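> Take a look at this one; I'll ask things after.
The values are calculated or read from the model by the stated rules, or taken from the named source; none is laboratory data. All values derive from a computational prediction rather than experimental measurement. Neighbour counts are summed over all protein chains in view; Cβ atoms, including those assigned to glycine, are modelled from backbone coordinates with ideal geometry. Each accessible area value is taken on the protein alone, full model and side chains, heavy atoms only, with ligands, DNA and RNA left out. Shrake-Rupley method; radii C 1.70, N 1.55, O 1.52, S 1.80 Å.
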Amino acid sequence: MRRLGWWPAVLGLLLVCGLASGQGAAAAHTDPLNLDPMVRSGYEKFYNLDFEGALKDFNQVAAAHPNEPMGWDNVLTALIFRELYHQDLLDTTYYAHDSFLNNKREVPVASATRAQIESLTDKVVGLCDARIKASDQDKNAYFARGLARGFHAVFITLVDHSFASAARQGYAARNDSEAALKIDPQYADAKMAVGIQQFAVASLPRWVRMIVGIMGVGGNKEGGIALLKEAAAHGVVTNVESRTVLSLFLRHDARYAEALAMQRGLAEQYPHNFIFRLEVANLLKDEGHGLEAIEEYKKVLADAAKPGYFVDPRLQMAWFGMADTQRGYNDIKGAAQGYANAAMQPGCSDWLKKRALLNAGEMYDLLGDHGTAVKMYEGAATGGGDQSQAEAARRYMKTPFSGK
């Protein structure tokens, strides 16, 4: 099951959905609402993880255009990724080091937030259904419906582990995008969903396709990458996210140099996007350039200390990633402090906090400080919330950790 862990991460990292230039000939191949100055303003805020500012703009546009599904799609996108970000579900180390499908992590989403996401998804799909019923040549309605289905699939994958339902929604999103492309072959944004599906399905074992109910769905890695490159080059609303997905797919296939070049470009374009900056460090780590990765993590943390540089940076992700890298280089003292710092960050999710505490305890045991290690283990074994680290923590309280 471990080999599947990267695929939900791909979906999770769709955080950066946004607008490209939207100028020139591309304007004829997108919904006119995508070119609205307020929409563009909202996505500039979204790029920098200012979800509240983005939602203010998006809600204003949606209220002015209540029957336009893309307006509500924008609100839905911001709501979903605000929640995923605050739950530490956009941290790629989560997918790189654990078997995602076997993980028992529970994600405590407020009932009001969940209800709002479900309601907005239904609203967009309903508006699109009505428009498609009125005209089966409405390419913008097909695309908007596919976008809503795709992002809802992201949500239920990462929050609920509803893999079968998410796979079916992803397939429906691909069908909608293909319908838009049949009407307008130059509708570049629609190529993103098709590209994601082609690459992802080609990477799944046959028995997994059977489990999630997508047998018969075609997959092609290089074909998927080619479509994503077209969306990245010519898309109006999927330019940034297509580059993000390309980076992760290239990373999955160990094409690290290409992935890093893609990710550096995003980080340079949006230097105040905490996730983009963090992902450069994560890629350096995965590529085997651990010392460079550590320096990159330190730069991210240093920028985060500057007032207003990042909006709501999730510093636990940077501390944890750096500690993992230090651990790999046998800097046990540095790793111990890094894991402890991750656990101490305000707003750190219970799951990541307990994971960091367990790792910190292991490092203190290796340093010969079992007293401090036990304190860490006690935190990791605390009742309530996530319990995935509790068994190991209780075991190490009795018998000090002695591995690496």
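> Using the beta-carbon distance between Lys56 and Arg394 and R0 = 45 Å, what value does 1/(1 + (r/R0)^6) give for FRET efficiency, to the nearest 0.05?
Calculated transfer efficiency: 0.45.
> Note down the net charge around Cys128, summing +1 for each Lys or Arg and -1 for each Asp or Glu among other residues with Cβ under 10 Å from its Cβ.
+1
> For labels at Gln186 and Leu291 in the simple 7 Å Cα→Cβ model, what's the distance in nm?
About 5.2 nm separates the two model spin labels.
> Keeping all protein chains in place, calculate the accessible area per residue for the chain (probe 1.4 angstrom), answer in Å². Can you show the working numbers first?
Details: 15770 Å² over 404 residues.
Result: 39 Å² of accessible area for each residue.
> Further question: Summarise the accessible area of the chain (1.4 Å probe, protein heavy atoms) by the percent that is carbon and sulfur.
Summing carbon and sulfur atoms, their accessible area is 53 percent of the total for the chain.
> Still on this structure, please answer the following. With the Cα gyration tensor of the stretch 250-392 in hand, convert its eigenvalues to equivalent ellipsoid semi-axes via √(5λ) and list them largest first in whole Å.
28, 17, 14
> Just report the Cα centroid separation between the stretch 217-270 and the stretch 162-178, whole Å.
The stretch 217-270 and the stretch 162-178 have Cα centres spaced 20 Å from each other.
> To continue, here is another question. Give me a comma-separated list of calculated 3J(HN,Hα) values for the stretch 367-377, in order, Karplus coefficients 6.51, -1.76, 1.60 applied at θ = phi - 60°, integers in Hz, x for any Gly or Pro.
Result, rounded to whole Hz: 7, x, 10, 5, x, 5, 4, 4, 4, 5, 5.
> Follow-up. Can you run phi through the Karplus equation (6.51, -1.76, 1.60; θ = phi - 60°) for the stretch 277-292 and list ³J(HN,Hα) in whole Hz, with x for Gly and Pro?
My calculation for the stretch 277-292 gives 5, 4, 5, 4, 5, 4, 5, 4, 4, 5, 6, x, 9, x, 5, 5 Hz in order.
> With every protein chain left in place and a probe of 1.4 Å, what is the accessible surface of Val61, to the nearest 10 Å²?
10
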